[in-house]
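J.: Got a structure here, written out as structure tokens. Questions coming.
The values are calculated or read from the model by the stated rules, or taken from the named source; none is laboratory data. This one's a predicted model, so the numbers in the text were calculated from it and none came from an experiment. When we count neighbours, we look across all protein chains shown, and the Cβ atoms used for this are built from the backbone with ideal geometry, even at glycine. Surface areas here come from the heavy atoms of the whole protein model, side chains and all, with no ligands, DNA or RNA. Shrake-Rupley method; radii C 1.70, N 1.55, O 1.52, S 1.80 Å.
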Amino acid sequence: MQIQPGDYFLAEPLRFGPEDGGSATQRVIYRGSGDGQVLIHSGKAVTGWRPTPDNPNIYQAPLPNARFRQLYVEGKRAIRARYPNQGTFLESTDWDYKDRELIVLGKHPVLGEGNPGLEILLLQSWAESYLRVEKVSNYGLSFQKFTRVSFRDEESGILFNRPYPMHEPSHRLYFENARELLDAEGEWYHDEAKGTLYYQPPADVDMSQVQVMYPTLDTLLIIEGTSGKPVVNLRFENLSFQYSNWTYASEHGYLNSQTGQYNHRAEPNNDQYVYRPPAAVYVARAERVAFVRNAFRNLGSTALDLHYGTRHCAAVGNKFSDIAGSAVALAKFTQDPLTEYHKPFQPSDSTEICYGDTVANNLIERAANYYYGCVGVAAGYPSNAQITHNTIRDLPYSGISVGYGWTDQPNPMQDNFIAYNDLSDVVKMLNDGAAIYTLSYQPGTRLYQNYLHDLSEPLEHWQRIKYAIYCDEKTGGSAEKPFVIEENVVQGVPGSLNLHQSGIMLLIYPMHLASQRNGRQIVEAAGLQPEYRNLLEKTKNK
């Protein structure tokens, strides 16, 4: 089916079931016309702007009955009003476990009381939390002031219980989402009670000529079959997916445990239970479903999720940019939300396993730009996955993550091939990550001829651990099928390889330098293959 150019607004997700797919010999294709952009989205425009009575630099518009956490101005994500302003952070100094309060250095009276939507963004090593604030109070002597912050019970019951991410004395944080914090160009605040949106544009901007969009749906497309009848042979091509929503943090807080899987329960013994974020495009129980040369942009959580029961599905030649969460999620991380997350995924129904899926020749940049502990490609327990020839850059945490569970027990992971990728400028904001990060027993997995380069130096005491390749707990294979690290090129990275409590049977070959002959050949072949490099040219022209 050829889809004509235009904006296709969705009031509810598009659903594709087994009856909408092809057959063993025939494929159903939804292709955007080459004459223009086919935009599939849930965005609504905000109009009726006028200066606020108390500050002519800030504009307001009526917006009742809406909730969202991202706002887009002229196609770019605006900044949710925050303190301190973008680029700077406050610093915690201690934890009060008795009263369940976080101690923050300095006095911050501007926050005061009476801000029901006030939140804190807290960065802890490899993960971030959005925490709804219950109370803010100040204390201390004239020369040394502190602020005590308490949170809603739902968040406190997780934050102060779980031992990981670690509770160190010093963490970066900022406050966001209060009218008093709106004091810089590009910031916005939505007063849900009054039904009014506030925005401070750059000077001399005519707001009547500015496009302001907010998202309304968590998921735009759902492709889902059954165990006995999967969706087969379906292809989406040359489409643009934009403006998806996700407001869980506004109702419950959000505490990332690792790789964007977020806690709904945690115990002091490190038993943790997690949910999976929603995705703009969701796929389950599908075979040979492909996404080719699409654009995923300005999305409120994961962009594309191949959740479970996918076989030989593919994401090839797509551009993922400005994604709040991970660009691509692949395979289950736990059996279900009620399963403790250290228990290896080993389903009784083997058709739940994601097998032979391909993520190749995609450009992934500026993903995880709001949920900072998410990654470019987040894979739980995939089998025979092919993650190759992707260019991944400009991320706050890891580029590719494969594995979960911190386990040396048998699980579906085996024979994953992570090769020929170009990863740079990652682990920019968080800690304890890498260009390629792995966990758990996965015999036959191979990290081959990746170009891993230009990871910034650690930022003082905030970032102590960042590597080209990080084989975390129980990463390993078997005598028959070892876990292999071979012929990767590393350049401009603080640490090449970290083996942290790794498992057995890792076969590790020396890294190449980019200046060596073999290294130069690997660098030239890494990342997007020639027929897909026009994705980079489009980026340069923007």
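J.: Please compute the length gained on full extension between Asp206 and Glu267, using 0.36 nm multiplied by the number of residues separating them and subtracting their Cα-Cα distance.
T.: Additional length available on full extension: 16.8 nm.
J.: Can you grab the distance from the C-alpha centre of the stretch 267-332 to the C-alpha centre of the stretch 67-130, Å, no decimals?
T.: One Cα centre to the other: 27 Å.
J.: Run through every distinct alpha carbon pair of the stretch 163-284 and return the Kirkwood hydrodynamic radius in angstroms, one decimal place.
T.: 19.0
J.: How would Asp204, Asp415 line up by accessible area, probe 1.4 Å, largest first?
T.: The ordering from most to least exposed comes out as Asp204, Asp415.
J.: Leaving ligands, DNA and RNA out of it, work out the accessible area of Tyr467 with a 1.4 Å probe and give it in Å² to the nearest 10.
T.: 50
J.: Residue by residue, what Karplus-based ³J(HN,Hα) values in Hz, rounded to whole numbers, does the stretch 441-451 have, using 6.51, -1.76 and 1.60 with θ = phi - 60° and x for Gly and Pro?
T.: With coefficients 6.51, -1.76 and 1.60, one gets 5, 8, x, x, 5, 9, 9, 9, 6, 8, 9 Hz.
J.: Provide the per-residue ³J(HN,Hα) series for the stretch 288-296, in order, calculated from phi with Karplus coefficients 6.51, -1.76, 1.60 and θ = phi - 60°, each as a whole number of Hz, with x at glycine and proline positions.
T.: Per residue, the Karplus-derived 3J(HN,Hα) values read 6, 8, 10, 10, 10, 6, 9, 10, 10 Hz.
J.: Something else now. Could you calculate the contour length gain from Thr47 to Asn138, that is, 0.36 nm times the residue separation minus the distance between their Cα atoms, to one decimal place in nm?
T.: 28.8 nm
J.: Here is a follow-up. With the Cα gyration tensor of the stretch 247-346 in hand, give its eigenvalues times 5 under a square root as the equivalent ellipsoid semi-axes, listed largest first in whole angstrom.
T.: The answer is 26, 18, 9 Å, longest axis first.
J.: Now for a separate question. Could you give the spread of the C-alpha atoms of the stretch 91-202 along their three principal axes, from largest to smallest, in whole angstroms?
T.: Extents along the principal axes: 40, 33, 24 Å.
J.: Another question, if that's okay. If you place +1 on the Cβ of every Lys and Arg and -1 on the Cβ of every Asp and Glu, how big does the dipole about the Cα centre of the stretch 304-445 come out, in debye to the nearest 20?
T.: 160
J.: Let me ask you something else. Name the long-range amide H neighbours of Gln124: under 5 Å, sequence gap of 5 or more, or other chain; modelled H, no Pro or chain starts.
T.: For Gln124, the qualifying residues are Ser129.
J.: Still on this structure, I have one more. Show log10 I(q)/I(0) for the stretch 309-425 at q = 0.12, 0.21 Å⁻¹, two decimals, from a solvent-free Debye sum over equal Cα scatterers.
T.: Calculated log10 I(q)/I(0) at the listed q: -0.41, -1.15.
J.: Also, I was wondering about something else. Please turn the phi angles of the stretch 519-535 into ³J(HN,Hα) values with the Karplus equation 6.51 cos²θ - 1.76 cosθ + 1.60 (θ = phi - 60°), one per residue in order, whole Hz, x for glycine and proline.
T.: x, 4, 5, 5, 4, 5, 8, 6, x, 4, 6, x, 6, 10, 6, 5, 4
J.: Could I ask something else about it? Give, rounded to the nearest 20 debye, the magnitude of the charge dipole that the chain has about its Cα centre when Lys and Arg contribute +1 at Cβ and Asp and Glu contribute -1 at Cβ.
T.: Its charge dipole is roughly 740 debye.
J.: If you keep only loop residues by DSSP, which GluC sites (Glu not before Pro) in the stretch 411-503 have at most 11 other Cβ atoms within 10 Å of their Cβ?
T.: Glu460, Glu480
J.: Let me ask another. Given axes a ≥ b ≥ c from the Cα gyration tensor, I'd like to know whether the stretch 385-521 is rounded (a/c under 1.5), prolate (a/b larger than b/c) or oblate.
T.: Cα axes put the stretch 385-521 in the oblate bin.
J.: While we're on this one: What is the mean projected area of the alpha carbon convex hull for the stretch 335-374, to one decimal in square nanometres?
T.: Quarter of the Cα hull surface area: 4.8 nm².
J.: Pick out, from Val328, Phe345, Gly317, the residue whose Cα sits farthest towards the positive end of the charge dipole of the stretch 299-364, with +1 on the Cβ of Lys and Arg and -1 on the Cβ of Asp and Glu.
T.: Gly317
J.: Okay, which of the stretch 271-294 sit inside 13 Å, backbone N to the point 7 Å along the Cα-Cβ direction of Asp349?
T.: Output list for this probe position: 284-286.
J.: Magnitude of the Cβ-charge dipole of the stretch 172-316, K/R +1 and D/E -1, about the Cα centre, nearest 20 debye?
T.: Using only the charged Cβ atoms, the result is roughly 1000 debye.
J.: Among the GluC sites (Glu not before Pro) within the stretch 68-128, which fall in a DSSP loop and have no more than 12 other Cβ atoms within 10 Å of their own Cβ?
T.: For GluC sites (Glu not before Pro) across the stretch 68-128 that sit outside H, G, I, E and B with at most 12 neighbouring Cβ atoms in 10 Å, the list reads Glu74, Glu113.
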